[in-house]
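So the structure is just underneath, and the comments pick up after that.
Just so it is clear, none of the values below were taken in a lab; they were calculated from the coordinates. On a predicted model such as this, the values are computed, not experimentally measured, just so you know. Glycine also receives a Cβ, built like all others from the backbone with ideal geometry; neighbour counts cover every protein chain displayed.
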Amino acid sequence: MRLFVAINFNDETRSELVKIQRRVKSSAARGRFPDPVNFHLTLAFLGECDTKQLHAAESVLSSMIFAPFELTFERVGRFRRRGGDLWWAGIRLTPELEKIHAELSKGLTSVGFSLDLRPFRPHVTLARQVVDSIVLPNPPIFNETIRSIELMESIRVNGRLKYKPLFSVASH
Ligand code: ATP
Ligand code: MG
């Protein structure tokens, strides 16, 4: 099974993100636009895992202690890719978010996962393989208070990508 750890959003946040996704869409000649139910913030990508690794990841998650924290969606941007750009909504890297990411990474590494070592750039993917888009102005800032973190499985249902929450840890 293909696993990752993520923060999922409420409907209000999703609809704000849809507005930005629409603007990317209308500025682009073409691209792939993920289903808004799939919007998420990836904290750690675990890749293909067996049952033992699933349990190890669950135990790391259940040992996480955090208070509710604010996510601030503050900009729109892109990663340049050869096959077309990836457009995202950028989240402010606050000390709280940085701490959660660092603790999670440390825990997962200590049980044997090899994680992406690039600097954490918190973002929500809104579009992929985007060609001929224009630079977009930043959207109005919005926030959501986060109270849980989920272990997610990436699956295909009738050829469509779906993310299934397997395990959730709540804030204190
Ligand atoms: P698809 O691969 O079908 O285009 P996806 O990338 O959203 O869709 P997954 O590849 O299962 O689906 O990835 C799940 C999450 O993990 C996504 O947020 C993705 O950006 C992230 N991710 C995937 N591969 C890596 C990787 N090698 N390093 C870091 N993050 C990754
Ligand atoms: Mg992928």
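Would you please give the FRET efficiency between residue 102 and residue 59, computed as 1/(1 + (r/R0)^6) with r the Cβ-Cβ distance and R0 = 25 Å, to the nearest 0.05? The pair residue 102/residue 59 has a calculated efficiency of 0.85.
Among the helices of the chain, those built from whole DSSP H runs whose Cα atoms reach 20 Å or more along their own axis and whose mean Kyte-Doolittle hydropathy is at least -1.0 are 95-110.
Is there a pair in 52/164; 106/162; 25/99 whose C-alpha atoms are over 25 Å apart, and which pairs would that be?
Details: 52/164 18 Å; 106/162 27 Å; 25/99 34 Å.
Going by Cα-Cα distance, 106/162; 25/99 fall outside the 25 Å limit.
One decimal place: the segment residue 1-residue 136 gains 44.9 nm when fully extended, by the rule 0.36 nm per residue minus the C-alpha distance. Taking each residue as 0.36 nm, the span from residue 35 to residue 67 lengthens on full extension beyond its C-alpha to C-alpha distance by 8.6 nm. Here the simple spin-label model places points 7 Å from the Cα toward Cβ, and for residue 147 and residue 111 these points are separated by 2.5 nm. Taking the Cα centre of each part, how many Å lie between segment 24-74 and segment 126-172? Comparing the Cα centres of segment 24-74 and segment 126-172, I get a distance of 6 Å.
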